[in-house]
């Protein structure tokens, strides 16, 4: 493992060491479960201080790439990178990057129609059952005069899962979970949920019949109208203050 690391010459020393470790993970020279050299050993191998090594390990831990274990058999261990790790990173970017609902809607307009088209081609009986259950639950809420953001968002997350593509699932989960947080700030009306439900039913019918182009068009129209409608609700909220 000694050959995996070299002296760090970059001014941003901790970041350079972090990059070295990440590159070794990407190249599969470091795999989940592997234990990194001790702080002292890494400091010697990279010609840096132990403080720098600790900072690099802290960065990696925050990224979910290593886990620090204490005790006699402790140390820094490479973790399994999963969808949740990617989603958390994207959500952090959305939260701290001053991202608006309009920004999210523009991204959805690019991504979601294609997700619906792919879902129409690749969906399974299990996917259809899940989507039907979500639609039934949402209709029940609407019939009772309730508007629950998370319930409507679940429809879009289910379509992403129906695509069977882990990249699409991670991106969609991040977009929709962040959107849900933004919508909670607006407190959308039951009317908006009724409108969403009508589009969701159209999209589901196209997916059920494996009509990809129809699913694409229905989702595109849905996101366009959603963008305009919720922007109006947002404007009304702030004008009333």
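The values are calculated or read from the model by the stated rules, or taken from the named source; none is laboratory data. Just so you know, these numbers come straight off a predicted model, no measurement behind them. Positions of Cβ are backbone-derived with ideal geometry, glycine not excepted, and every protein chain shown enters the neighbour counts.
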Screening 162, 147 for residues that are in contact (Cβ under 8 Å) with a residue 24 or more places away in the chain and outside any helix (DSSP H, G or I) leaves only 147
Residue 199 modelled with pLDDT of 80 or more, in a helix (DSSP H, G or I) and surrounded by fewer than 18 Cβ atoms within 10 Å (Cβ to Cβ): yes
If we scan segment 39-60, do we find a residue that is part of a loop (DSSP other than H, G, I, E, B), closer than 11 Å to residue 76 by Cα and at pLDDT 90 or above? no
Check whether at least one residue in segment 165-177 is farther than 15 Å from residue 219 by Cβ, part of a helix (DSSP H, G or I), without any contact (Cβ under 8 Å) to a residue 24 or more places away in the chain and out of contact with any helix residue (DSSP H, G or I) (no Cβ under 6 Å at 6 or more places or on another chain), and report yes or no. yes
So residue 142, is it in a helix (DSSP H, G or I), under 20 Å from the mean Cα position of the chain (by Cα), surrounded by fewer than 21 Cβ atoms within 10 Å (Cβ to Cβ) and assigned by TED's automatic domain parsing to the domain that holds residue 217: no
In segment 38-56, which residues are under 15 Å from residue 4 (Cβ atoms), under 32 Å from the mean Cα position of the chain (by Cα) and free of Cβ contacts under 8 Å to residues at least 40 places away in the same chain? 53
